[in-house]
2 protein chains.
Amino acid sequence: MSRPKPLSGFPEFLPAGRIVENRVLEIVTSTFELHGFAPIETRAVEPLSQLARKGDIAKEVYVVRRLHADAADADELGLHFDLTVPFARYVLENAGHLAFPFRRYQVQKVWRGERPQEGRYREFTQADIDIVGQDALAGHHDVEIPLVALDVFEKLHRDLGLPPVQLHVNNRKLAEGFYRGLGIEDTAGVLQRVDKFDKVGPDAVTQLLTAEMGLSEAQARACVSLAGISATDESFVDDVRALGVEDPLLDAGLEELSALVRVARRSVPDRVVADLKIARGLDYYTGTVYESFLVGSEKLGSVASGGRYDSLASDGRLTFPGVGYSFGITRILAPLISKGRITASRSVPSAVLVAVDAEESRDQAIAVAGALRSRDIPVEVAPKADKFGKQIRYAERRGIPFVWFGAGYDDSVKDIRTGAQTAADPAIWSPPDGDLRASVSMDGNER
Amino acid sequence: MSRPKPLSGFPEFLPAGRIVENRVLEIVTSTFELHGFAPIETRAVEPLSQLARKGDIAKEVYVVRRLHADAADADELGLHFDLTVPFARYVLENAGHLAFPFRRYQVQKVWRGERPQEGRYREFTQADIDIVGQDALAGHHDVEIPLVALDVFEKLHRDLGLPPVQLHVNNRKLAEGFYRGLGIEDTAGVLQRVDKFDKVGPDAVTQLLTAEMGLSEAQARACVSLAGISATDESFVDDVRALGVEDPLLDAGLEELSALVRVARRSVPDRVVADLKIARGLDYYTGTVYESFLVGSEKLGSVASGGRYDSLASDGRLTFPGVGYSFGITRILAPLISKGRITASRSVPSAVLVAVDAEESRDQAIAVAGALRSRDIPVEVAPKADKFGKQIRYAERRGIPFVWFGAGYDDSVKDIRTGAQTAADPAIWSPPDGDLRASVSMDGNER
């Protein structure tokens, strides 16, 4: 095989990058568990008929087929493009064995045949949480879900130095009620065009609304004014009221959104913004919607998003409403890792390299390594009884901070960063807590 | 959507099963890290041309294609069927950025279009370790790798109660040298037939060797006698010598295999068996080979296997020899989980449910939950201000051991298994260590 080339859109990391990604996933999943979300994993494939239902996403689906398929393989399968479609299927399939409201998290790869570009991948990792009820789901979960997201993002910021995240929240009822109050019937059509606000600007949206949707200039301007409202506190309610539109659904939306902003603001000030232009495109949300932007990297687009759907799944008899959030792990990390902005202090888990004097005494080095491992210290034994200078370089090249000498007869351990060497007992010695695992640095600041 | 049916060969677990699987993966990966293996993850797809190279496995490959593929998608892709082919490609692609010998672990799904049956899946999780050198790799790594496997299996046995595992080891040099010493030229052909020993028995193998390979009765009997030798100590060397065959390659194989058995025996007695019929079919091993069997479930076949390959990968200029072990996580767990032999004490991570008196005081319950979470205690807040009996049943149904009452005004916590209720401060109280996480039981014995 000649040297293979990377496949565009399928990011892979060197070991130090994967160590960073694992640390992030550890924070993400342990936070989900602290909030009582149970883990599940679904198969990578779903029947193509289910994947193709979501309108225009069909063109992005990867079809999967046995190289030598036979008649028994009648079902056409595709790789899942998100974790919501498989979760909805899982809920229906296992409803009799699940306790509702059911809180689950799921961290898996998903695949989309999109044109690869920065922030868009063909294979990427998502981490999803959802709370799903049977027939009904209380509104307070719409407030709970973004608080979990904030908890995750604040820990990633505090513990790993990732940029902070701002959550932009809105409510479909608010926009839909507002449009209805203006006498507009095709509210979905308007929402779809308002969704282009960030891309094309307010004037172009006004233009689209009058030209394509047949709105009057006044109606279009009101819709664009609504989309332009944002605030980190409940003051947005007065701004909306000032536009002079009345509708019961608008009232419901305003009430839900202000409850969310009020509680979130109490938890972490200024991280949550009521942003009335957030529409979440064609997704099936019916109430609260969420998007999240890395401060300083807003051009990456939303790195985590979600919302409320009145019907995540239905088998005709039962309906399962839900609210959820999906974290784009690869979208957040791949640019930071590939540009070297976030790195690990070593490319291996090992905190210690046990040096080998001679191949005949390898067993003694293995015994020291075993003693350290029994106390949960990651260790490797030098692969070759080279000169000690060469063994130290082996450790240096990998970022291993300690080298153990004289295994079994004159045990000592050297911190190769400072050169300090001290006698040590393999049954007792431990590295400082900060050296037990690789540390992560963001923009040169070690954590 | 009507109630969907499971796809045969694509196992999925309920949350309690996934909790068990996560606990197993935690032990597996943390043990790999204690031995200094670095994590990597590779994309799910490889060029079909690379996947199809491995002879008869081609028929099991899943081809992946965009639903609306265009000319730019010239490369045909397939899902990887193991983690060795992608790892070999990763090593070649990144050789300039890796430090050799390179020790990596990788835990991912793999896909094979095999006919589904017990122990055979179309989608399953493997956990692989490999040590790869550039141009050369010392023989002591052949001894190291099965010691890591033993460490993993002993912990799964001790900590989770999984059945113990017996490692069966052999060395291709031993068999090949023996066959050569008998004057046989097509040693691969003989090995392939000896590989059927367990399936068809010694007489049928003798028959195959004379009929298909043209061996004399004496040659065939000697090969079958060799395959019949097994021992948990170095006594197998004398048994082989007693067959009276001489060859330098045989000597090398005997030496390598006895070093392995000697060291492994010292680490964990009687778990490693020199088993001279182990051939590992058509795989590209060139020296030591390993298989592993769950004691009491030998009919599942080998649940973890591996060996030494003189050339894991080569770009024409450089060659990368390696030695590795692949753990069939799904093959080990899916039968135990689906039969309910191994279970988790709860279906959620939550150790505590905070009861809600009335919707107006939900904020106080959320504050108590936050205080507990800040000390790493997994908590959920009751979804509804039901009667307390109903809130306790909510906890019971999920296996949550503690319910918190009187949040913020008369805090107390009740162990709903014993009924014992005590006053508690959310800033101080912790559950007993054994209740912080779900416990795992195997055949009814809780760990």
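The values are calculated or read from the model by the stated rules, or taken from the named source; none is laboratory data. Here the structure is a predicted model, which means the values were calculated and not measured. Positions of Cβ are backbone-derived with ideal geometry, glycine not excepted, and every protein chain shown enters the neighbour counts.
Worth a mention:
- Enumeration of residues in region A:117-127 that are surrounded by 19 or more Cβ atoms within 10 Å (Cβ to Cβ), more than 8 Å from chain B (Cβ to nearest Cβ) and out of contact with any helix residue (DSSP H, G or I) (no Cβ under 7 Å at 6 or more places or on another chain): A:Arg122
- Taking region B:366-405 as the range and being farther than 23 Å from B:Pro15 by Cβ and either outside any helix (DSSP H, G or I) or of a type in the set (Gly, Ala, Ser) (or both) as the test, the residues that pass are B:Ala367, B:Gly370, B:Ala371, B:Ser374, B:Arg375, B:Ala385, B:Lys387, B:Gly389, B:Phe405.
- For region B:88-108, taking the residues that are at the interface with chain A (Cβ under 9 Å from one of its Cβ atoms) and without any contact (Cβ under 8 Å) to a residue 12 or more places away in the chain, the one that is nearest to B:Ser314 (Cα to Cα) is identified as B:Glu93.
- The condition (being at pLDDT 95 or above, closer than 22 Å to A:Gln117 by Cβ, of a type outside the set (A, V, I, L, M, F, W, C) and surrounded by 20 or more Cβ atoms within 10 Å (Cβ to Cβ)) is satisfied by just one residue among A:Gly324, A:Gly328: A:Gly328.
- Hey, B:Gly133 within 13 Å of another protein chain (Cβ to nearest Cβ) and not β-branched (Val, Ile, Thr) or not: yes
- Residue list for region A:130-159, restricted to those being touching a Phe, Trp or Tyr at 6+ places or on another chain (Cβ under 6 Å) and either in a helix (DSSP H, G or I) or surrounded by fewer than 24 Cβ atoms within 10 Å (Cβ to Cβ) (or both): A:Gly133, A:Gln134, A:Ile145, A:Pro146, A:Ala149
- Condition check for B:Val64: closer than 21 Å to B:Gln50 by Cα, within 9 Å of chain A (Cβ to nearest Cβ) and not in a helix (DSSP H, G or I): yes
- One residue stands out in region A:174-198 among those that are assigned to a loop (DSSP other than H, G, I, E, B) and in contact (Cβ under 8 Å) with a residue 24 or more places away in the chain: the one that is surrounded by the fewest Cβ atoms within 10 Å (Cβ to Cβ), namely A:Gly183.
- B:Thr418 vs. criteria of a type in the set (S, T, N, Q) and closer than 30 Å to B:Phe293 by Cα: no
- Only a single item in (1) surrounded by fewer than 19 Cβ atoms within 10 Å (Cβ to Cβ); (2) assigned to a helix (DSSP H, G or I); (3) more than 8 Å from every other protein chain (Cβ to nearest Cβ) is not met by A:Glu114, and it is number (2).
- Filter result for B:Ala38 (touching a Lys or Arg at 6+ places or on another chain (Cβ under 9 Å), among the small types (Gly, Ala, Ser) and buried (at least 24 other Cβ atoms within 10 Å of the Cβ)): yes
- Members of region B:287-313 that are farther than 20 Å from B:Ile229 by Cα and in contact with a Lys or Arg (Cβ under 6 Å, 6 or more places away or on another chain): B:Val303
- Complete set of residues in region B:251-278 that are assigned to a loop (DSSP other than H, G, I, E, B) and buried (at least 23 other Cβ atoms within 10 Å of the Cβ): B:Leu276, B:Ile278
- Residue, farthest from B:Ala95 (Cα to Cα), within region A:14-27, restricted to residues that are more than 7 Å from chain B (Cβ to nearest Cβ) and surrounded by fewer than 20 Cβ atoms within 10 Å (Cβ to Cβ): A:Ile27
- Lone qualifier among A:Val237, A:Val273 - being modelled with pLDDT of 95 or more, of a type in the set (Val, Ile, Thr) and in contact with a His (Cβ under 9 Å, 6 or more places away or on another chain): A:Val273
- A:Phe153 vs. criteria away from chain B (no Cβ under 14 Å), more than 16 Å from A:Thr286 (Cα to Cα), in contact (Cβ under 8 Å) with a residue 12 or more places away in the chain and hydrophobic (A, V, I, L, M, F, W, C): yes
- Only one entry in B:Ala344, B:Ala334, B:Ala351 is more than 26 Å from B:Lys173 (Cα to Cα), touching a residue at least 60 places away in the same chain (Cβ under 8 Å) and more than 23 Å from the chain's Cα centre (by Cα), namely B:Ala351.
- In region A:311-333, the residues that are within 13 Å of chain B (Cβ to nearest Cβ) and in a helix (DSSP H, G or I): A:Ile329, A:Thr330, A:Leu333
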